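*Asks:* Let me begin by handing over the structure; questions about it come next.
The values are calculated or read from the model by the stated rules, or taken from the named source; none is laboratory data. For clarity, every value in this text was computed on a predicted model and none was experimentally measured. Don't worry about glycine lacking a Cβ; one is built from the backbone with ideal geometry, like all the others, and counts go over all protein chains shown.
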Amino acid sequence: MVQDKSKITAFGLNDISVKGGKYVANWRVYKPIIDKEGCVGCGLCISYCPEEAITKDDDGKAEIDYRFCKGCGICANECPQKAIEMKKEDEA
């Protein structure tokens with residue numbers, strides 16, 4: 001099923017991206033912020049992210065592609081180092 005982009009934009013969403021041939025709309029209220037000092041690069045956040053929005057940067061630390069992140073908080077809950085903090089979108 002391919003979503004109709006015109007219907008999605010009618011809701012006034014702030015970002016629409018294409019992922020896997022489908023439009024992914026961004027309506028999050030909370031945004032995960034990674035503490036690069038605290039991240040040990042274990043990859044649990046990558047494994048648990050339902051949107052595949054987290055990858056590793058050149059230093060092996062977690063990096064979030066906010067075009068796909070929905071702000072669900074699973075990454076922050078699963079991080080054993082507590083290196084991911086959820087902040088309100090307008091405060092981050």
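*Asks:* So, in region 1-38, of the ones that are within 16 Å of the chain's Cα centre (by Cα), modelled with pLDDT of 95 or more and not in a strand (DSSP E or B), which residue ends up farthest from G73 (Cα to Cα)?
*Replies:* So, considering only residues that are within 16 Å of the chain's Cα centre (by Cα), modelled with pLDDT of 95 or more and not in a strand (DSSP E or B), the one farthest from G73 (Cα to Cα) is K36.
*Asks:* Can you report the number of residues in region 47-75 which are crowded, with 18+ Cβ neighbours inside 10 Å and either touching a His at 6+ places or on another chain (Cβ under 7 Å) or free of Cβ contacts under 8 Å to residues at least 24 places away in the same chain (or both)?
*Replies:* Here the count works out to 2.
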